[in-house]
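Remarks on the structure that follows.
A short reminder: the numbers here are calculations on the coordinates, not readings from a lab. In this text the structure is predicted, and so the values were computed from the model without any measurement. Note that each Cβ is placed from the backbone with ideal geometry, even for glycine, and that neighbours are counted across all protein chains shown.
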Amino acid sequence: MQRDDCIFCKIAAGEIPSTKVYEDDAVVAFEDLSPMMPVHTLIVPRNHYDNIADGIPVEEMGRLFEAVGKVADLKGVRESGFRVVVNTGDDACQSVHHVHVHVLGGAQMNDGDPSLPQA
Ligand code: DGP
């Protein structure tokens, strides 16, 4: 389930270069092109879903979030803490319409506005 016009499908398939952090048969994690934090990694399912509410099967949803801990370990933020963000739709400023999990960390963050992942 790949979309020809989807940049994250192409990254997952290795057709567009990215700095990969982790991959398995279900997901690919790679560094965000415009990092907002010292650690800013995106995790995407290999299959295309527009967003988190796009009927992702439970098994694939589990694999997507299972990868969060693996990325946190690989990026060294499990102990210090990190934030997980899944922007969904226009109000949340989702800009790439292939579901992706942001893993953000590596510095102290604000606790005021949950929509602002910046320090
Ligand atoms: P969102 O606003 O949640 O849709 O975030 C999309 C993120 O994807 C944004 O932080 C920048 C990142 N991004 C967009 N295009 C590319 C790309 O071609 N490569 C990589 N590595 N990241 C990208």
Original post:
Once the piece of chain linking D24 and E66 is laid out straight, how much longer is it, given 0.36 nm per residue of separation minus the C-alpha distance between them?
Top reply: 14.0 nm
Original post:
Can you list residues whose amide H is under 5 Å from V21's amide H, if they're 5+ apart or on another chain and H is modeled 1.01 Å from N?
Top reply: A29, F30, E31
Original post:
Under a Cβ-Cβ limit of 4.7 Å, which cysteines in the chain have nobody to pair with?
Top reply: C93
**OP:** Taking H placed 1.01 Å from N in the peptide plane, check which residues at least 5 places from T88 or on another chain put their amide H under 5 Å from its amide H.
**Re:** Q94
Subject >> Separation in nanometres of the label points that stand 7 Å from Cα toward Cβ, at V58 and M36 >> reply: 3.1
Original post:
Given labels modelled 7 Å from the Cα in the Cβ direction, how far is it in nm from V96 to A13?
Top reply: 1.5
**OP:** Report ³J(HN,Hα) in whole Hz for each residue of the stretch 30-39, in order, from the Karplus equation J = 6.51 cos²θ - 1.76 cosθ + 1.60 where θ = phi - 60°; Gly and Pro get x.
**Re:** 8, 6, 5, 5, 10, x, 9, 9, x, 10
Original post:
Does anyone have the angle between helix 58-75 and the longest principal axis of the chain? Alpha-carbon axes, 0 to 90°, nearest 10?
Top reply: 40
Original post:
Based on Cβ point charges of +1 for Lys and Arg and -1 for Asp and Glu, what charge dipole magnitude is obtained for the chain about its Cα centre, in debye rounded to the nearest 20?
Top reply: 320
Subject >> Dimensionless Rg/Rh of the chain - Kirkwood Rh, Rg from C-alpha atoms >> reply: 0.94
